[in-house]
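Step one of this worksheet: look at the structure below.
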Amino acid sequence: MSLDDWILALHVLSAFAYVAGMVVFWVLVGAVRRTDTPEPTIRMGPVVKVGNAAVGVGMGGTIVFGIWLAFSVGGYDIWDGWIIAALVLWALAAETGRRTGAAYTRGMDKAQELEAAGQSGPNAELLALNRTQSGLVLHSLGSALALLILIDMIWKPGA
Amino acid sequence: MSNEALLFFHLAGAFLFVSGGVLATIARVTALRRERPSDIASVMRGARPAVPLIGSGLVLAIAFGFWLADRLSVGLGSMWLTATFALLGWVLVVGGIAGRQDRRTRELAERLATEGDTRSTELARRLRDPVNLTLNASLLAATVAIVALMVWRPS
């Protein structure tokens, strides 16, 4: 196998990590919508870290190895339309992911605040934060962007 | 159907299959670290979405994989494909066994949660059952191996 084959393999493996992380967050989004007490909200923290790690490794790997391939593989150039489209979609997905994280962190912060104050019972404000509509919309948008990247990578429009 | 469309559905299936495997693993490992049966039951319920993900992912990946292999004239007897089929068989059989064991553990945790929410020795034994943990670890290893075989396609 050539170096480019290895880089392509790592690029694809990074994509697997990215999608797996997104799916983990979908399950968390579903679980947290039914959570109105601080302790269960806080206990999702370790799983969030796993999801963050998977998405981080996935996004980092796809962009680094992807740009390498754009420069290295014959027949493709970084200014090809489908590669520019992928870069734009990747940047949008990264920003959407950052905003999704910020939206759901508010619930986690509130849960920690409530626990520090010794309040362990159900809290309507916490439930409202955990059911953040903007977070749900942003995560849906992030997933749609991931799907568009996959479509762009396979069909390579204009290549 | 174009080759691109076949590859898209094959890859989409593979993504679903791997995501389901990762999800099930996270749920199983997290359950090990919980003390209260209600927490354990809650975490293990989180693995439920993994079942349709793995199932639909396998169907898509295998069906469109065969179609793609036929379209691209890839020999079904090649070593990497044979190894992949063997690993898929392992995932199906062992996944069924480990899945049933985990379901019984979750049902026990749910029962204990309604009876005082105190962890029993039976629940602790089931959670740390070395056979079940080994089977689950082998499923993750097989999933990683399948992805590696598909990506690298050795010889």
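Scan region A:107-121 for residues that are at negative phi and surrounded by fewer than 15 Cβ atoms within 10 Å (Cβ to Cβ) and report the count.
8
Answer with yes or no whether B:PHE64 is within 14 Å of chain A (Cβ to nearest Cβ), closer than 19 Å to B:MET150 by Cβ and at pLDDT 90 or above. Outline the logic, then answer.
On the way: within 14 Å of chain A (Cβ to nearest Cβ): yes; closer than 19 Å to B:MET150 by Cβ: yes; at pLDDT 90 or above: yes.
It is true that B:PHE64 is within 14 Å of chain A (Cβ to nearest Cβ), closer than 19 Å to B:MET150 by Cβ and at pLDDT 90 or above.
So for region B:103-116 (the condition being among the basic types (Lys, Arg) and surrounded by 18 or more Cβ atoms within 10 Å (Cβ to Cβ)), does at least one residue qualify? Outline the logic, then answer.
The first filter runs over region B:103-116 and keeps only residues among the basic types (Lys, Arg), leaving B:103-104, B:106, B:111.
So of that shortlist, the ones also surrounded by 18 or more Cβ atoms within 10 Å (Cβ to Cβ) come out as B:106.
Looking through region B:103-116, at least one residue is among the basic types (Lys, Arg) and surrounded by 18 or more Cβ atoms within 10 Å (Cβ to Cβ).
Do we have A:LEU127 as part of a helix (DSSP H, G or I), within 22 Å of A:ALA20 (Cβ to Cβ), hydrophobic (A, V, I, L, M, F, W, C) and touching a residue at least 40 places away in the same chain (Cβ under 8 Å) here?
No: the conditions fail for A:LEU127.
Scan region A:63-92 for residues that are in contact (Cβ under 8 Å) with a residue 60 or more places away in the chain and crowded, with 20+ Cβ neighbours inside 10 Å and report the count.
Counting residues in region A:63-92 that are in contact (Cβ under 8 Å) with a residue 60 or more places away in the chain and crowded, with 20+ Cβ neighbours inside 10 Å gives 2.
What's the number of the condition B:VAL43 fails, among (1) of a type outside the set (S, T, N, Q); (2) within 14 Å of another protein chain (Cβ to nearest Cβ); (3) over 30 Å from A:MET44 (Cα atoms)?
Failing condition for B:VAL43: (3).
Does at least one position in region B:68-86 carry a residue that is modelled with pLDDT of 95 or more, over 30 Å from B:GLU110 (Cα atoms) and in contact with a helix residue (DSSP H, G or I) (Cβ under 6 Å, 6 or more places away or on another chain)?
Checked against the condition, which is being modelled with pLDDT of 95 or more, over 30 Å from B:GLU110 (Cα atoms) and in contact with a helix residue (DSSP H, G or I) (Cβ under 6 Å, 6 or more places away or on another chain), region B:68-86 yields no hits at all.
For residues that are part of a loop (DSSP other than H, G, I, E, B) and hydroxyl-bearing (Ser, Thr, Tyr), scanning just region B:35-78, find the one that is nearest to B:ALA142 (Cα to Cα).
Start the filter on region B:35-78 by keeping residues that are part of a loop (DSSP other than H, G, I, E, B), which leaves B:35-36, B:46-49, B:72-78.
Narrowing the set further to residues that are hydroxyl-bearing (Ser, Thr, Tyr) leaves B:73, B:78.
Numbers: B:SER73: 26, B:SER78: 18 Å.
Top of the filtered list is B:SER78.
Out of all the residues in region B:1-34, which are within 19 Å of B:LEU108 (Cα to Cα), assigned to a helix (DSSP H, G or I) and either within 9 Å of chain A (Cβ to nearest Cβ) or more than 13 Å from the chain's Cα centre (by Cα) (or both)?
Listed by number, the residues that qualify are B:ALA27, B:VAL29, B:THR30, B:ALA31, B:LEU32.
A:MET22 passes all but one of (1) in contact with an Asp or Glu (Cβ under 9 Å, 6 or more places away or on another chain); (2) within 12 Å of another protein chain (Cβ to nearest Cβ); which number fails?
For A:MET22, the failing item is (1).
Does region B:133-146 hold any residues that are crowded, with 18+ Cβ neighbours inside 10 Å and in contact with a Leu (Cβ under 7 Å, 6 or more places away or on another chain), and which are they?
Those that are crowded, with 18+ Cβ neighbours inside 10 Å and in contact with a Leu (Cβ under 7 Å, 6 or more places away or on another chain): B:ALA142, B:ILE146.
Step by step: first the residues of region B:93-133, then only those that are of a type outside the set (S, T, N, Q) and in a loop (DSSP other than H, G, I, E, B), then the one that is farthest from B:ASP39 (Cα to Cα). Which residue is that?
B:ASP129
Can you tell me which residues in region A:130-157 are more than 30 Å from A:GLY81 (Cβ to Cβ) and either in a loop (DSSP other than H, G, I, E, B) or touching a strand residue (DSSP E or B) at 6+ places or on another chain (Cβ under 8 Å) (or both)?
Matches in region A:130-157: A:ARG131, A:THR132.
What pairs come up if the first residue lies in region A:26-38 and is in contact (Cβ under 8 Å) with a residue 24 or more places away in the chain, the second is surrounded by fewer than 19 Cβ atoms within 10 Å (Cβ to Cβ) and among the charged types (D, E, K, R), and their beta carbons are under 6 Å apart, counting only those six or more places apart or on different chains?
A:ARG33/A:ARG131; A:PRO38/A:GLU115
Would you point out which residue out of A:LEU28, A:LEU8, A:LEU69 is of a type outside the set (Val, Ile, Thr), within 22 Å of B:LEU11 (Cα to Cα) and within 11 Å of chain B (Cβ to nearest Cβ)?
Working: A:LEU28 fails: within 22 Å of B:LEU11 (Cα to Cα); A:LEU69 fails: within 11 Å of chain B (Cβ to nearest Cβ).
Step by step, each of A:LEU28, A:LEU8, A:LEU69 is checked, and only A:LEU8 is of a type outside the set (Val, Ile, Thr), within 22 Å of B:LEU11 (Cα to Cα) and within 11 Å of chain B (Cβ to nearest Cβ).
Looking only at residues in region A:31-55 that are at the interface with another protein chain (Cβ under 9 Å from one of its Cβ atoms) and of a type in the set (A, V, I, L, M), which one is surrounded by the most Cβ atoms within 10 Å (Cβ to Cβ)?
A:ALA54
Could you tell me how many of the residues in region A:90-145 are among the aliphatic types (A, V, I, L, M) and in contact with a Phe, Trp or Tyr (Cβ under 7 Å, 6 or more places away or on another chain)?
Qualifying residue count for the region: 0.
The values are calculated or read from the model by the stated rules, or taken from the named source; none is laboratory data. Predicted, not measured: the structure shown is a model, and the values here were computed from it. Quick reminder, even Gly has a Cβ in these numbers, built from the backbone with ideal geometry, and neighbours come from all protein chains shown.
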